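Below is one structure; the comments refer to it alone.
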């Protein structure tokens, strides 16, 4: 999925700035354009991941023409950041993992103590470690 970005030109004394206007508060900066663009991609992915974790909707990308007309960004260059479609995929996938029986027993005991399935418990663990 491609989101429009707005790029503020850097110089010898200022960093390049990149804003993803469809994702409020999502921006990056870098000493080079490549660094700023890589940061924007990472920031957008983190923004979307956090929104999905919080149960918030992810805004659809606006058209480039609309991004060009945003007030406050006159003179900025318009581009796009390409995000992996898998970022938006919350579908369930069955996985096969291998664990020693003693570890699996501990995992199941911890899940049972929380009245959760093994899968739900593992999913909750990944949310806590962010």
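The numbers here are math on the coordinates, done by the rules we state, and not lab data. Please read these numbers as outputs of a predicted model, since none were measured by experiment.
Observations
- Between 0 and 90 degrees, the angle of helix 118-128 with respect to the longest Cα principal axis of the chain falls at about 40 degrees.
- Degrees separating the helix 33-53 axis from the principal Cα axis of the chain, which is the longest one: 40 degrees
- Residue-averaged 222 nm ellipticity for the chain, from DSSP H runs of 4+ at -39500 (n - 2.57), nearest 500: -12000 deg cm²/dmol
- With the convex hull constructed from alpha-carbon coordinates only, the range 2-88 shows a mean projected area of 5.6 nm² over all directions.
- 0 to 90° range, to nearest 10: angle between helix 101-113 axis and the chain longest Cα axis: 80 degrees
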